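What follows is calculated from the coordinates using simple rules that are stated; it is not laboratory data. Worth saying up front: this structure is predicted, and the values here are computed from it rather than measured. Note that we place each Cβ from the backbone using ideal geometry, even for glycine, and neighbour counts take in every protein chain shown.
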Amino acid sequence: MRKMALFLMSMVLLAMAAGVALAADYPSKNFECIAPAGPGGGWDTTMRMVAKVLTEKGLIKTAMPVVNKPGGGGGVALTYMQRKKGDPYSLIVYSPPLILINLTGQSKLGYKDVTPISMLINDFGAFAVPKNSPYNTIDELFDALKKDPKSVKIGGTSSMGSMDHVQFMVAAKAAGVSDLTALQYIAFQGGEGLASLMGAHIDVLSTGMAELVGPKESGDIKVLAVTAPKRIPTGPLSDVPTLKERGIDAEYVNWRGIFGAPGMPEAEKKFMADALKQMAETPEWKEICARNGWVEAYMTPDEFGAFLDKVNEDNKVVLEELGLLQ
């Protein structure tokens, strides 16, 4: 009996040793870093900046090419990640749509079908119009919608019921727009939303702040408001008012973080979380955050998982109020 117990203990120790050796060898090959939308958007920008800093600072010594997998408000990439179960070399960036597409019935998959590694930033939404738009303030735009809900074409780089749509609806509801279901929302899959705005094919674009920095600086668009709780302190969007400053009692946080494939091994998850923590402390990452108006918000895997559980419940309440919860 004692010999059997010793044998079993030795097997456990060998298994633990094998796990440690595997972690020590990691990473030994190239990663696949996935942005679940087209080039130029918030997911794409975040993943490319993460890969850039991790590799340039030597925190990851293998290549981290970024692959765009747009579609379904992030649902196409989420389905793809299910084929990578247990693969520690498949990473993906996500934000509120990961939760929203599940709660609105657009996908049977959700945040529990990937592995939370690290929360990195809080970004915020922004609402922009073409440079020659008759609307110079966000309340002017909402006043037009209150008079005629179909008078404004709204675009967003996410599907109906996902982040860009929801953040606009939350703001419109707070502004007193009563018939939210009558609003015209056009979903784009990639950078075509910004092109449509600058071409005046839509009247307003609801998106993340980072996507609007370049065209704002070039004078091609006007950014009417951001969904942050207070003004962005530095950078190109520091002169843009918050919704609250314009008398609209609403805000919307676009958290963003890195996930692994479902079933990502614990040792490799910890390695990546530690690497991302070190990255978040570098001057290079801090400069990127300042440039894009991102608020640094690193979380460990456990903290991130608990945060997602809470946000999932909070979004149920918001979507039920908007009539979008499935």
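With the convex hull constructed from alpha-carbon coordinates only, the chain shows a mean projected area of 18.0 nm² over all directions.
Beyond 17 Å, the tail of the calculated P(r) for region 204-243 holds 19 percent of the Cα pairs. Residues whose amide H comes within less than 5 Å of that of ILE60, counting only those at least five positions distant or on another chain, are THR55 (H built at 1.01 Å from N in the peptide plane). The alpha carbons of region 82-136 stretch over 52, 27, 17 Å along the principal axes, in descending order. Taking amide H as placed 1.01 Å from N in the peptide plane, the amide H of LEU224 sits under 5 Å from that of PHE127, ALA128, VAL129, each at least 5 places away or on another chain.
Computed across region 255-326, the Kirkwood radius stands at 14.4 Å (inverse of mean 1/r, all Cα pairs). Its Cα gyration tensor gives region 124-246 an equivalent ellipsoid. The semi-axes, each the square root of 5 times an eigenvalue, are 19, 16, 14 Å from largest down. The equivalent ellipsoid of region 112-185 has semi-axes of 28, 15, 11 Å, largest first, where each one is the square root of 5 times an eigenvalue of the Cα gyration tensor.
Taking the dipole about the Cα centre of region 124-246, with the C-beta of Lys and Arg at +1 and of Asp and Glu at -1, give me whichever of MET163, SER196, PHE142 is farthest to the positive side. Checking the options against the dipole of region 124-246, the answer is PHE142.
For the options ALA297, ALA261, ALA128, a Gaussian network treatment of the chain with springs between C-alpha atoms closer than 10 Å singles out ALA297 as fluctuating the most.
Measuring against 30 Å, Cα to Cα, the residue pairs LYS173/LYS286; LYS244/LYS269; LYS84/LYS153; LYS153/LYS277; LYS84/LYS310; LYS84/LYS277 contain LYS173/LYS286; LYS244/LYS269; LYS84/LYS153; LYS153/LYS277 as the ones spanning a longer distance. Taking all Cα-Cα distances within region 195-326, those exceeding 20 Å account for 61%.
For region 59-103, the fraction of C-alpha pairs more than 18 angstrom apart is 35%. Here the average projected area of the convex hull drawn through the C-alpha atoms of region 226-279 stands at 5.7 nm². Are there DSSP H segments in the chain that both extend 15 Å or more along their axis (alpha-carbon positions) and score a mean Kyte-Doolittle hydropathy of at least 1.0? List them, or say none. Helix filter hits for the chain: 2-24. The amide H of SER159, built 1.01 Å from its N in the peptide plane, has GLY73 as neighbours under 5 Å, considering only residues 5 or more places off or on other chains.
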